[in-house]
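The values are calculated or read from the model by the stated rules, or taken from the named source; none is laboratory data. Here the structure is a predicted model, which means the values were calculated and not measured. We place every Cβ from the backbone using ideal geometry, glycine too, and count neighbours over all the protein chains shown. Ligands, DNA and RNA are stripped out before the accessible areas are found, and what is left, the full protein with its side chains, is counted by its heavy atoms. Shrake-Rupley method; radii C 1.70, N 1.55, O 1.52, S 1.80 Å.
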Amino acid sequence: MERLLKQALLYDFYGELLTEHQKSVYEDFVLNDYSLSEIGEARHISRQGVYDIVRRCEKQLNGYEEKLHLVQKFLNAKVQVENIYKYANQILSEKDNPDGMLECVRRIEQISSRILEEM
């Protein structure tokens, strides 16, 4: 997964667990694409201080994901929902083929069951 996307997803899921100061620095760096120097100047801290905060935040967010796996569950569910969508569209194209429609419904049922088990 692209690093920036991963950072943004981790922040979306676990960002509220960071302190206000950590959140604002991390948001500026990851989401607003400010440089370490720009953030440091605005907050009157060194570039190294900003770097340390960002790295600490990344470590915390990754630690939460290692324990809870919420981002991975979300990404897995997203793939499964895309498959359900594909089979639902296939059902619509199989109007004259009851066996094909039934097979698609079975696949949707299996996918739905897997999603529920993972939740």
The number of residues in segment 27-56 that are of a type outside the set (A, V, I, L, M) and within 16 Å of the chain's Cα centre (by Cα) is 1
For segment 55-70, does any single residue satisfy the condition of being of a type in the set (Lys, Arg), more than 30 Å from GLU118 (Cβ to Cβ) and modelled with pLDDT of 95 or more?
yes
For segment 75-108, name all the residues that are more than 30 Å from ASP12 (Cα to Cα) and acidic (Asp, Glu).
GLU94, ASP96, ASP99, GLU103
Pairing a residue in segment 5-30 that is in contact (Cβ under 8 Å) with a residue 60 or more places away in the chain with any residue that is assigned to a helix (DSSP H, G or I), where Cβ atoms lie under 7 Å and the two sit 6 or more apart in sequence or on different chains, gives LEU9/VAL71; LEU10/LEU61; LEU10/ASN62; LEU10/GLU65; LEU10/VAL71; PHE13/LEU70; PHE13/VAL71
Could you check segment 2-119 for helices (runs of 4 or more DSSP H) lying wholly inside it with 1 or more residues that are open to solvent by less than 50 Å² (accessible area, probe 1.4 Å), of a type in the set (A, V, I, L, M) and in contact with a Phe, Trp or Tyr (Cβ under 8 Å, 6 or more places away or on another chain)?
3-14, 36-43, 47-68, 70-93, 98-118
Identify the residue in segment 1-41 that is at pLDDT 95 or above, among the β-branched types (Val, Ile, Thr) and in contact with a helix residue (DSSP H, G or I) (Cβ under 7 Å, 6 or more places away or on another chain) and, among all such residues, is nearest to ILE53 (Cα to Cα).
VAL25
Would you mind stating whether CYS57 is hydrophobic (A, V, I, L, M, F, W, C) and within 30 Å of TYR26 (Cβ to Cβ)?
yes
On the given criteria, is VAL81 among the β-branched types (Val, Ile, Thr) and over 16 Å from LYS6 (Cα atoms)?
yes
